[in-house]
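One structure is given here, and the rest of the page talks about it.
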């Protein structure tokens, strides 16, 4: 039944690809994979990392970079399932080969393993492709599940998912995020499990250490109290801009999730204080601006370093974005109410490093509290930073546990 479902999914995606760009990128990319492997693998052996998309890639990246740093002779193969991961990271220098993972049919799984000849495989978080895992198991190739997390409602723990759960017993070792995941796996007879936490914490610390020096942002923020809003959507921006327009003690760096000229004009239309777009800024005009609008990608993780307070968007719609990316700088982080599925946000709310708001009044109340009680702001920031650093170390634990396999 599993393979039949994969074949049906493959047919549907190929039909949709006729008129949908993302599906077309996927099908073309998967066909290119066979060519890439034949041409690039040669006689070398590879350690294989697989990530569904960009978020999972960031969780696997600390392991890849530790492997590259300590064993530069070891080749790395990186695969993605989603175009939103592959198209962004297809030129990632930390891997020797980057390609799509073809659909998980028995034929594709056998062909892929035969061509790639991996010495070990790391599947990140939710990736459990049964046919690939079966073929790797048949060839005695160790398979590790990294930063995985399990919940009661998943198919593995349902009566009708027993057959699919079989593939979990073929994983060499699970490096899970929490004790609840270990307990759930034990219920289905899986005991080769270590609770190490989430490699995402290691990644955000790496990002912090590698943060870019941004002279324009530094000039803008110098001597000012700066609120940085990252990955904001229109409901977030309405709250932030209303507050910003009425409180001239703060400067605002706004990095919207959607960077289109239409949306940027909407933002500029709401502002009542001087603003400049990052790509149009100079040392002279950025010093005069009170709002800096980031109209490009790739800078946000470095921009948080200039903040006194951060706001991470998405909590009034699709779900919050990357909270640890801001919290690592030891600053309090505001988020909207749609945050229940985000483990890091829940923990930060509990320890006081994160503040949930439900509207403009909540935001104003919290910001007033910080203005009147600077110690509260400092304490919230310290708790945010402490949480990130206390939960780091998963990548080193995993790497040390499997190092002998990857030598």
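Bear in mind that the values in this text are calculations on the coordinates, not laboratory data. In this text, all values refer to a predicted model and were calculated from it rather than measured experimentally. FYI the Cβ positions are ideal-geometry reconstructions off the backbone, even for glycines, and counts take in every protein chain you see.
Here the spin labels are modelled as points 7 Å beyond Cα on the Cα-Cβ line, and at residue 288 and residue 43 they lie 6.7 nm apart.
Rounded to the nearest 10 degrees, what's the angle between the helix 199-209 long axis and the longest principal axis of the chain, both from Cα atoms, 0 to 90? That works out to roughly 50 degrees. Taking Cα atoms only, the orientation of helix 394-406 departs from the longest principal axis of the chain by about 30 degrees.
Against the main long axis of the alpha-carbon atoms of the chain, helix 374-390 sits at an angle near 10°.
Comparing Cα centroids, the range 300-348 and the range 7-70 end up 29 angstrom apart. Taking the range 303-407 on its own, what percent of its Cα-Cα pair distances exceed 19 Å? Of the Cα pairs, 46 percent sit more than 19 Å apart. Entry note: the range 213-390 has Rg to Rh equal to 0.93, where both radii use alpha-carbon atoms and Rh is the Kirkwood radius.
Here Rg and Dmax of the Cα atoms in Å was computed from the coordinates, and among [x] 23.0, 66; [y] 21.9, 67; [z] 22.4, 81 the match is [x]. Going from the residue with the fewest nearby Cβ atoms within 10 Å to the one with the most, 172, 33, 199, 368 rank 368, 172, 33, 199.
Across the chain, the relative contact order, built from alpha-carbon pairs under 8 Å that are at least six residues apart, equals 13 percent.
Seen from all directions on average, the range 20-154 presents a Cα convex hull projection of 8.5 nm². The range 356-370 and the range 162-214 have Cα centres separated by 35 Å. Considering only 195, 47, 318, the mean-square fluctuation computed in a Gaussian network model of the chain, springs between alpha carbons under 10 angstrom, is largest for 318. Protection proxy ranking, highest mean first, for peptides 80-90, 228-238: 228-238, 80-90, where packing is the per-residue count of other beta-carbon atoms within 10 Å, averaged. Going from the residue with the fewest nearby Cβ atoms within 10 Å to the one with the most, 200, 251 rank 251, 200. What FRET efficiency comes out for the pair residue 20/residue 115, r = Cβ-Cβ distance, R0 = 25 Å, nearest 0.05? It comes out at approximately 0.35. Helical content alone sets the calculated 222 nm signal of the chain at -14500 deg cm²/dmol, taking -39,500 (n - 2.57) per DSSP H segment of four or more residues and averaging over every residue. Put in order of Cβ neighbour count within 10 Å, fewest first, the listed residues 296, 167, 99 become 296, 167, 99.
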